[in-house]
Amino acid sequence: ILETLVKDFPNENFIYVGDNLNVPYGIKTKEQLEEIISKIFRYFEKEEVKAIVIACNTASVASMELDCKVPVFRIIEPTAKNALKVSNNIGVLATNFTIESKGYDLFLNDNMKGIKASPFVTIVESDSIKEEQSQKVIYDILSPFKGKIDSIILGCTHFSVLEEDVKNVLGQD
């Protein structure tokens with residue numbers, strides 16, 4: 001997302017925050033997430049940014065009720081709207097928090113099947129993707145959805161690393 005923004009807005013300056021201290025977000029409580037995100041919002045407000053773009057799906061849904069003095073753009077709505085252009089039978093692969101918060105439901109309604117996949121974050125963070133146990137976890141979480149969805153939203157920035165594994169289990173491109 002940052003690469004696209006830099007390309008589309010070449011005359012703007014960007015501040016990137018990757019919160020490695022508090023990952024994974026998807027297993028935290030709403031209160032914990034709101035506290036973390038509020039601190040990040042205050043930082044950006046002090047820096048007098050023009051806008052905030054949240055690429056993290058979990059942070060996007062957790063921040064929906066938070067006040068911020070600058071415009072906040074969250075990844076959920078544009079992702080959902082783009083997915084509806086492709087399919088009406090969509091799987092949303094995301095952290096448990098993102099699915100349970102029903103953030104995507106606001107935009108996809110009955111067109112989605114939520115797939116809780118918080119363990120995928122740990123697999124990516126530990127760089128254990130190709131290990132047998134990790135492959136079993138990926139298979140166990142995804143296989144019930146094989147043939148039941150036409151397209152999938154990788155609703156976590158970590159999950160792009162697992163794209164091939166997701167395709168292999170679901171049998172999709």
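The values are calculated or read from the model by the stated rules, or taken from the named source; none is laboratory data. Everything numeric here is computed off the predicted structure, so don't read it as measured data. Don't worry about glycine lacking a Cβ; one is built from the backbone with ideal geometry, like all the others, and counts go over all protein chains shown. The accessibility values were calculated without ligands, DNA or RNA, using every heavy atom of the protein model including side chains. Shrake-Rupley method; radii C 1.70, N 1.55, O 1.52, S 1.80 Å.
Could you tell me whether the range 28-50 includes any residue that is under 20 Å from residue 160 (Cβ atoms), β-branched (Val, Ile, Thr) and open to solvent by less than 70 Å² (accessible area, probe 1.4 Å)? Among the residues of the range 28-50, not one is under 20 Å from residue 160 (Cβ atoms), β-branched (Val, Ile, Thr) and open to solvent by less than 70 Å² (accessible area, probe 1.4 Å), which makes the answer no.
Listed here are the residues, each with its yes/no results for (1) touching a residue at least 12 places away in the same chain (Cβ under 8 Å); (2) in contact with a Lys or Arg (Cβ under 8 Å, 6 or more places away or on another chain); (3) more than 21 Å from residue 144 (Cα to Cα).
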| residue | (1), (2), (3) |
| --- | --- |
| 84 | yes, no, yes |
| 95 | yes, yes, no |
| 99 | yes, yes, no |
| 117 | yes, no, no |
| 120 | yes, no, no |
| 127 | no, no, yes |
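For the range 153-173, residues that are open to solvent by 50 Å² or more (accessible area, probe 1.4 Å) and under 14 Å from the mean Cα position of the chain (by Cα) total 5. Where helices (runs of 4 or more DSSP H) fall entirely within the range 55-149, those with at least 2 residues that are more than 28 Å from residue 44 (Cβ to Cβ) and open to solvent by 30 Å² or more (accessible area, probe 1.4 Å) are at 76-86, 118-125, 132-142.
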